Structure formats: C-alpha cells, structure tokens
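The values are calculated or read from the model by the stated rules, or taken from the named source; none is laboratory data. Everything numeric here is computed off the predicted structure, so don't read it as measured data. Neighbour counts are summed over all protein chains in view; Cβ atoms, including those assigned to glycine, are modelled from backbone coordinates with ideal geometry.
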Amino acid sequence: MHWDPWSNAGRPISGDPQVGVFSPLNFAVGFLTGGTSSGFILYWLLMWWLGGFGILMLARHLKAPPWGGCAVALGFLFCGGYTGHAEHTSTVTAFSFLPLIVWRLDSALCSHKLRPAVEAGALWGLSALAGYPALTILTGCFSALWALGRWLFPPPFGTEGVSGGPNSATEIAQHPTLQFVLAVLVLVLFTGLVVLSPTYIAFFVEGAGMNARVGALSRERAIFSNALHPGALTTFASPYLLILKVNDQMNGGNTLWSYTDVSSSSIYSGAIISALALLALVRHPRDS
C-alpha cells in the first residue's frame, strides 16, 4: 500500500482515493472473492446498482409514485454519466452515492432530526474512500444547494396529495430554519471528513511529490480541461448524438465538441425523464 512499484514507476497507492485502499466495500468484496476478475465484476455491478437503489429510496422519500421512481431509476442507471464513464470505476462509485446522500440529507431537513445528517455525512465520506475526488467535491456542493433549496422553498399547500400522509400544516411546521440547515450541513461535513480522513491524510502526506493532484491545479487546467462543450448539451434528447462523436473519433477526426472527451460528452438520461419533468412543471407551475 505504501509503495506500488508497478504504477508510474513507483508510487504510494494508499494516498490515491481512486484505488480505494481504505474502502470497507472494496475490502469486503476482495476478501470474499479473493481478488479475482469475477470479484471485480461483482464490485462494479454492486456500485452501479447502488445508484438505482438510491434513486428508488429518494423517490419513496419524496412520495413519488413507484412507477415513476422505477422509470427515473432506470434512466439514471443508463444515463450518459454511467455509460460514458463505465471504464472509470472510481467515477461510477462516486456517482452512485449521490442519490443516497441527498436522500438522507433531505430526511434530516424534513424531520428536524440530526441522525439522518450523520448518515448522509457517513455516506459522503464512504464515497470518497474509493471515489473520483472531483465528484466527491461536486456531491458536497450539490448537497449544499439542495439544502438551500429546501430552506428557501418550503412545500406549498396541496403539493403532496398522498392519501394517509401528513397534512400540509404539519409539513409547513417542519420547514427547516436557516440555523438548522447550517447545523445539518456542518454535521454532514464533519462526519464526512472523519470517514474520509484515512485516504485523504495519506493523499496529502504520502502523495506529496508523488501525485500530480496534490497541490493546486493551474487555472487553465481547472477551467478548460475536458470542459463540457455547449453543443454537447443537445445529448439530453437522444443517445444517438454521442454515437456521432464516437464515429468521428474512430475515423481519426475530432471536430465534434473537440475539447470534450467522449466519456464526458453525454448528459442523456432517458427521454421519459425529461417528459416527466416537463409534466411536473405543467401540473404545478407555481411550485417553487
């Protein structure tokens, strides 16, 4: 763990978050399967399916109909992020934890309880132990924005409409205060930092001078490296547009969305998800 002679002419892999040396999920699968190729396939599928499970749990928490939750979960599992980065296991791992983290975070904000916030922080830290660092950071930013939205836009009267569910007055009473939102975010951050500390302490200590990611990136690399080309936003409508990019590169060209790698060029998540989102806006146009 402290020195791998087979990678980059030698480096400490304990300080690389993408390897997952300290991840209990990695350890458990490796221990049970003996480090075989079939064990790796099992681990990859487990991480992938985890994303769909998280969407189902989030949909249930938000009182979405089961068929809607299943449709969105399937769209999420086969979205451009997963299909484009299927070769990048650390990206799949970090991406799959996002809906689980949001689920527990929103549970804390809606129930005014701190235990779900601890669970959200633990899940965020767990994702960081074997996840792509940039997505770990983005997940934290997205969670903070979700919490801000939950505070700014409380559920209006009549939006739930679930038989036997809590009435609107109770929901309004559970609208989180700014102080509680901040307390939840601090607790998520603190718990997550404790969980991810083994990997990231090794990253900064043992990776110094060995890992190019330790230290600040240049402004040009941080802003422009593999940036999403505006034209690639059209992939939300059809997966076929990404095939044009693939064919372009296979034929030796790179004219379509030239500065965006093919792995990051698709944001497609299924046409039904876009349709459901549009119908939701039409049904409740004043629901912030």
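Restricting to the range 77-121, what's the tally of residues that are within 19 Å of Leu145 (Cβ to Cβ) and either aliphatic (A, V, I, L, M) or assigned to a helix (DSSP H, G or I) (or both)? Steps first, please.
Of the residues in the range 77-121, the ones within 19 Å of Leu145 (Cβ to Cβ) are 81, 94-95, 97-110, 116-117, 120-121.
In the following step, the residues that additionally are either aliphatic (A, V, I, L, M) or assigned to a helix (DSSP H, G or I) (or both) were identified as 81, 94-95, 98-110, 116-117, 120-121.
Residues that pass the stated criteria total 20.
Pairing each residue of the range 245-260 that is free of Cβ contacts under 8 Å to residues at least 12 places away in the same chain and of a type in the set (Lys, Arg) with any residue that is assigned to a helix (DSSP H, G or I) and crowded, with 16+ Cβ neighbours inside 10 Å, provided the two are 6+ apart or on different chains, yields no C-beta distance under 6 Å.
Ser14 meets each of the listed conditions (1) polar (S, T, N, Q); (2) touching a residue at least 24 places away in the same chain (Cβ under 8 Å); (3) closer than 20 Å to Glu87 by Cα apart from (3). Restricting to the range 55-108, what's the tally of residues that are surrounded by fewer than 19 Cβ atoms within 10 Å (Cβ to Cβ) and of a type in the set (Phe, Trp, Tyr)? Of the residues in that region, 2 qualify. Scanning the range 247-275 for residues that are outside any loop (DSSP other than H, G, I, E, B) and buried (at least 16 other Cβ atoms within 10 Å of the Cβ) gives Asp248, Val262, Ser263, Ser264, Ile273. When the range 17-54 is filtered for residues that are more than 15 Å from Glu87 (Cα to Cα), in a loop (DSSP other than H, G, I, E, B), β-branched (Val, Ile, Thr) and touching a helix residue (DSSP H, G or I) at 6+ places or on another chain (Cβ under 6 Å), only Val21 remains. In the range 109-125, the qualifying residues are those that are in contact (Cβ under 8 Å) with a residue 40 or more places away in the chain and farther than 27 Å from Pro198 by Cβ, and the one that is surrounded by the most Cβ atoms within 10 Å (Cβ to Cβ) is Leu109.
Quick check, is Glu87 modelled with pLDDT of 95 or more, out of contact with any Cys (no Cβ under 8 Å at 6 or more places or on another chain) and of a type in the set (Asp, Glu)? So Glu87 does not fit the description; no. Report yes if some residue within the range 29-38 is farther than 21 Å from Ser263 by Cα, surrounded by 14 or more Cβ atoms within 10 Å (Cβ to Cβ) and at pLDDT below 90; otherwise report no. No; the residues of the range 29-38 include none that is farther than 21 Å from Ser263 by Cα, surrounded by 14 or more Cβ atoms within 10 Å (Cβ to Cβ) and at pLDDT below 90.
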